[in-house]
Protein chains: 2
Amino acid sequence: MITGKNYVGSKLKAAGEKTFKTFNPQLDIENPWVFTEATQEEIEEAVTLANQAFGTYKNCSGLEKANFLNAIADEVLALGDNLLVQYCSESGFPIGRAEGERGRMVGQLRSFAQMLTEGSWVQAAIDTAITDRVPAPKEDLRKMMVPLGPVVVFGSSNFPFAFSTAGGDTASALAAGCPVIVKSHSMHVGTGEMVATAIIKAAQKTNMPEGVFSNLVGGGTTLGASLVQHPLVKAVGFTGSIRAGRALFDLAAQRPEPIPVFAEMGSVNPVVFLPKALALNSQKWATAYAGSITMGAGQFCTNPGLLIGVKGAELNNFSEELTKAIEKVEPFCMLHPSMKNSFEEGAATMISQNGVSKIAEYKGEAPANYGVQKILTVEGKTFLENKTLSHEVFGPVSILVQCDNEEQLVKILNQLDGQLTGTIIGEPNELKEYNKLIAAMQNRVGRLIFNGVPTGVEVCPSMIHGGPYPASSDSRFTAVGIHAVNRWVRPFSYQNWPNELLPPELQNENPLQILRTLNNIQTKSQI
Amino acid sequence: MITGKNYVGSKLKAAGEKTFKTFNPQLDIENPWVFTEATQEEIEEAVTLANQAFGTYKNCSGLEKANFLNAIADEVLALGDNLLVQYCSESGFPIGRAEGERGRMVGQLRSFAQMLTEGSWVQAAIDTAITDRVPAPKEDLRKMMVPLGPVVVFGSSNFPFAFSTAGGDTASALAAGCPVIVKSHSMHVGTGEMVATAIIKAAQKTNMPEGVFSNLVGGGTTLGASLVQHPLVKAVGFTGSIRAGRALFDLAAQRPEPIPVFAEMGSVNPVVFLPKALALNSQKWATAYAGSITMGAGQFCTNPGLLIGVKGAELNNFSEELTKAIEKVEPFCMLHPSMKNSFEEGAATMISQNGVSKIAEYKGEAPANYGVQKILTVEGKTFLENKTLSHEVFGPVSILVQCDNEEQLVKILNQLDGQLTGTIIGEPNELKEYNKLIAAMQNRVGRLIFNGVPTGVEVCPSMIHGGPYPASSDSRFTAVGIHAVNRWVRPFSYQNWPNELLPPELQNENPLQILRTLNNIQTKSQI
């Protein structure tokens, strides 16, 4: 049952007067549930509770936190198909996507639980005392990662499960030992409430402190701004547009005590097609990219919005194959009429630019909120001169840039803003000829792909989901994989601290059997 | 020989018209050398060169970078006593300190060289492909740290060697693979120039690209601001005051592309004295702290400016012992008349606050620029009500806060800004009674010390030199120890990239024999 209320800690509250509803884009109707925006008092209470919870939660053992995360996964699964139906009704995504994304959310929670159970993630480093060192003795020093404090997580529009209420930001922050306050994404607050209920149940079942999690509802920007500016909030996780992400980054940087914001923002994910690959496999790559461009109505951070090649018979042929392939794909429903409008406006702006033409578009009839995919094209020279053409349009549209030569292509890459991904489609033996191109691409991206599509973000330790600004606000971190926890922790050093009062991770006996750096050697040994 | 010019890459340039001199505080006279401030053109050229150098320097092997860093250490040592004499003439520090700090600078360079030679610092993680995975195959993903780009390093006033031209920030940035542009600290630009000459020589001997290092001279804030705002600069390292550090942080955050600033700023390094320790060892701790407070004329980031205890016979006795001890210490020369003035003004402001009294001061005659040490005292209640009393005064002054009870003491700790260090002086068996106090301290500091003094920062992997704001601008990093390199790198992921084109750190054969996370297991194995 959806109450439409805020979870302020474990209490459902809705003292406010402002309300709103979500929208079912598939049915093109408003959903029935009424959601009440959090009041300033409720915001204040949630943050205060989070700060109180931090005092005990930060001292929970890895095993206790792992139990909590696994319990969240269990409780989410226990919601069964009802949760999937709710998700579909507030996103327009099909049930298969709902199920897949739930799997990813649950998988992320369990992978952080596994990381906590194993325990070495705290990066323990110990340098033992050298009492007879000359001229001065060396003190015993022991370091490990500790949590920052309460973290605010902004739910994303396009991942109601994997990057929202119990998504990667929440899972990594809870794993770090940070209480979390979620600002639920207004497009799917009902889904958010159901997931929040699962988290609250899990917290109670595993004896977590009251306030370790809150879920707040808001329609405009007030809730988010209040949270980011609150002195007791110590870090922020965000996935969304450059405009919104930068606004939060600026608010956080202007605080008396600035706090870190990890904002994963816009990306056009450039893809370079080399001639030999196109000569050999034009049709294969056209089919793969038609799929990648239209997948989820193009509503992925890693959607390939920018395709680049050098003019010639191969590129012409690829362009024709891509046209055929893209026209065949049935369009998908977009998340919300506002997303569909932004997409159409963005695409229209692109098309209206000098030198841009539309070469392909789905020709059939499409229901109300469906994103009708398009391929545009432009000359390299024109692209270089018009910054608008490198801006992200969120949805199923890509622009094929036809360069005069490799030099122009490298210039385009060098001029691009930071990107989550960059892809090179080529034959293995032709890659060596394109050193400059590869170097230029490496400099602009967080993940470099060979012969693949950028969509589909694997959750594993070697994945980077992030990149130079504005792909993310701080390229030194990732939003996906267990290292996402590093956004919410700081190193802390004990000097000459009594062994029995140290956290187990740093005790002589190494009771947790974790891997530590002991006098410069990586080992699980005792001291 | 001091030329007074800027190193724009390896070229000595001084096209500017603004000049200034340094000052010998021991002799209380201006030094003879004339330094010419960098022009906007010279700044532009240095940054452009650094950016060009980045293209090749980032691809240097660990061994090549290690050779460079070791060569810097060798060239610095080859300058012999002349360098030490120059250092003393521009800092007022004695020759012993010069020698010790040179040892630290050289040791830091060599420890980063060792880290590079060993190679595992890149945090390589590999998840191999699973081609038959259902529903979708898993792609091969391989991650490692890569450098951010040109880094600007601001020399500090108080560490002309260890945190300036070839100090920890420069060494860690060069180790990361980032070219460095130093803004030499104006108080010791001559020392800076000598060290810069050593770096330039080392770069040439080890075939580093032109522009891998530049050393610029400036008197006011223009040079620093121009560097931080330059679009090709990708990160900033700074050690100094909160005012200056925050100004740079703000400039960097307001750029179209914000960049990370690691600023190590102010700290009063609270020390709590527990009653049993004072009952047993009052004199010992008084002597130790009289030494720590006055060491280097109190001009250390980790100087203990705030001493706290609960009222009683033990604290009274300690206060008397500290008075005796502090009056015995001969004062030291400060870095510059302006530092001495700031110190005297800061101390006078503290003394002028309601309820503050001076309980101890060196009574003898002190030469012109010497910092005359003082101990002040105040009641806990008064301290809590007056924020001025918790501000850092850079120099040999500490305030002894006398609390009514432990609760008040904890309240004081909770109210403090972030700190580099916190110290607890106690008997091992009394520590357990003070859980709240320890928890409050942990929350505010980067390093927690038991029965010691905060001055004396060991350079080792388990050291943290950093802490919650404003001790540093980002508590997630350290300025000391090999992990300081993490400030200048970002994770980068290769997907499905051909083995022979991967960097050696990620190749199947593990040719560098580094420790990697291979399918979730830490190993040096091949694939």
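The values are calculated or read from the model by the stated rules, or taken from the named source; none is laboratory data. Values in this document were obtained by computation on a predicted structure and should not be read as measured data. Please note: Cβ atoms are built from the backbone with ideal geometry, for glycine as well, and neighbour counts cover all protein chains shown. For accessibility, only protein heavy atoms count, side chains too; no ligands or nucleic acids. Shrake-Rupley method; radii C 1.70, N 1.55, O 1.52, S 1.80 Å.
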Wholly enclosed helices (runs of 4 or more DSSP H) of region B:7-125 bearing at least 1 residues of a type in the set (Lys, Arg): B:62-78, B:95-118
A:LYS65 vs. criteria more than 24 Å from A:GLY218 (Cα to Cα) and in contact with a Pro (Cβ under 9 Å, 6 or more places away or on another chain): no
Matching residues, region B:95-109, being within 20 Å of B:GLY395 (Cα to Cα) and either in contact (Cβ under 8 Å) with a residue 12 or more places away in the chain or basic (Lys, Arg) (or both): B:ARG97, B:ALA98, B:GLU101
Neighbours by Cβ (under 7 Å, 6+ apart or cross-chain): first from region A:408-428, on the phi > 0 side of the Ramachandran plot; second among the small types (Gly, Ala, Ser) and assigned to a strand (DSSP E or B): none
Hey, A:GLU210 closer than 19 Å to A:VAL47 by Cβ, open to solvent by 10 Å² or more (accessible area, probe 1.4 Å) and either basic (Lys, Arg) or away from chain B (no Cβ under 14 Å) (or both) or not: yes
Residue in region B:121-141 that is open to solvent by 10 Å² or more (accessible area, probe 1.4 Å), within 21 Å of the chain's Cα centre (by Cα) and closer than 26 Å to B:THR517 by Cβ present: yes
Pick from region A:365-388, criterion out of contact with any Asp or Glu (no Cβ under 8 Å at 6 or more places or on another chain) and of a type in the set (Gly, Ala, Ser), ranking: farthest from A:ASN316 (Cα to Cα): A:ALA366
Identity of the residue in region A:446-462, facing another protein chain (nearest Cβ under 8 Å) and at pLDDT 95 or above, that ends up farthest from A:LEU416 (Cα to Cα): A:SER462
In region B:249-268, the residues that are open to solvent by 20 Å² or more (accessible area, probe 1.4 Å) and in contact (Cβ under 8 Å) with a residue 40 or more places away in the chain: B:PHE249, B:PRO260
From the options B:VAL152, B:VAL134, B:VAL182, B:VAL122, residue that is under 30 Å from A:GLY418 (Cα atoms) and within 14 Å of chain A (Cβ to nearest Cβ): B:VAL122
Strands (runs of 3 or more DSSP E) (entirely within region A:235-294) containing at least 1 residues that are at pLDDT 95 or above and more than 21 Å from the chain's Cα centre (by Cα): A:270-273
In region B:306-330, residue nearest to B:LYS411 (Cα to Cα) [restricted to those that are open to solvent by less than 50 Å² (accessible area, probe 1.4 Å) and among the polar types (S, T, N, Q)]: B:SER319
Pairs, first on the phi > 0 side of the Ramachandran plot in region B:375-401, second open to solvent by less than 10 Å² (accessible area, probe 1.4 Å) and part of a helix (DSSP H, G or I), C-beta under 8 Å, six or more apart: B:GLY395/B:ALA297; B:GLY395/B:GLY298; B:GLY395/B:PHE343; B:GLY395/B:ALA347
A:LEU278, sole failed condition from (1) open to solvent by 10 Å² or more (accessible area, probe 1.4 Å); (2) in the same structural domain as A:MET441 (by TED's automatic domain parsing): (1)
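Rundown of residues vs (1) over 21 Å from A:LEU77 (Cβ atoms); (2) assigned to a loop (DSSP other than H, G, I, E, B); (3) not assigned by TED's automatic domain parsing to the domain that holds A:ASN31, yes/no style:
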position: A:ASP132; (1), (2), (3): yes, yes, no
position: A:ARG142; (1), (2), (3): yes, no, no
position: A:MET145; (1), (2), (3): yes, no, no
position: A:ASN158; (1), (2), (3): yes, yes, no
position: A:SER164; (1), (2), (3): no, yes, no
position: A:ALA175; (1), (2), (3): no, no, no
position: A:MET187; (1), (2), (3): yes, no, no
position: A:GLY190; (1), (2), (3): no, no, no
position: A:GLU193; (1), (2), (3): no, no, no
Subset tally (residues that are in contact (Cβ under 8 Å) with a residue 12 or more places away in the chain, open to solvent by 10 Å² or more (accessible area, probe 1.4 Å) and closer than 23 Å to B:ILE29 by Cβ) for region B:73-84: 1
Failed criterion for B:SER91 (all others in (1) open to solvent by less than 30 Å² (accessible area, probe 1.4 Å); (2) touching a Leu at 6+ places or on another chain (Cβ under 7 Å); (3) within 23 Å of A:ILE521 (Cβ to Cβ) hold): (3)
Residue within region A:389-396 that is more than 26 Å from A:ALA263 (Cα to Cα) and either out of contact with any His (no Cβ under 9 Å at 6 or more places or on another chain) or crowded, with 16+ Cβ neighbours inside 10 Å (or both) present: no
Residues (closer than 28 Å to B:THR117 by Cβ, touching a helix residue (DSSP H, G or I) at 6+ places or on another chain (Cβ under 7 Å) and aliphatic (A, V, I, L, M)) located in region B:445-487: B:VAL459, B:ALA479, B:VAL480, B:ILE482, B:ALA484, B:VAL485
Set B:HIS465, B:HIS483: member being at pLDDT 95 or above and in the same structural domain as B:CYS60 (by TED's automatic domain parsing): B:HIS483
Count - residues of region A:185-205 that are over 15 Å from A:GLY9 (Cβ atoms) and open to solvent by 10 Å² or more (accessible area, probe 1.4 Å): 5
All positions within region B:332-341 that are in contact with a strand residue (DSSP E or B) (Cβ under 9 Å, 6 or more places away or on another chain) and surrounded by fewer than 20 Cβ atoms within 10 Å (Cβ to Cβ): B:PRO337, B:SER338
Any hit, region A:96-103, residues being surrounded by fewer than 22 Cβ atoms within 10 Å (Cβ to Cβ), within 27 Å of A:VAL34 (Cα to Cα) and of a type in the set (Asp, Glu): yes
Hits in region A:434-449 - residues which are in contact (Cβ under 8 Å) with a residue 12 or more places away in the chain and open to solvent by 10 Å² or more (accessible area, probe 1.4 Å): A:TYR434, A:LYS436, A:ILE438, A:GLN442, A:ASN443, A:ARG444
In region A:499-527, residue farthest from the other protein chains (Cβ to nearest Cβ) [restricted to those that are in contact with a helix residue (DSSP H, G or I) (Cβ under 7 Å, 6 or more places away or on another chain) and either among the hydroxyl-bearing types (Ser, Thr, Tyr) or open to solvent by 20 Å² or more (accessible area, probe 1.4 Å) (or both)]: A:PRO511
Selection within region B:375-388 - in a helix (DSSP H, G or I) and open to solvent by 20 Å² or more (accessible area, probe 1.4 Å): B:LYS381, B:THR382, B:LEU384, B:GLU385, B:LYS387, B:THR388
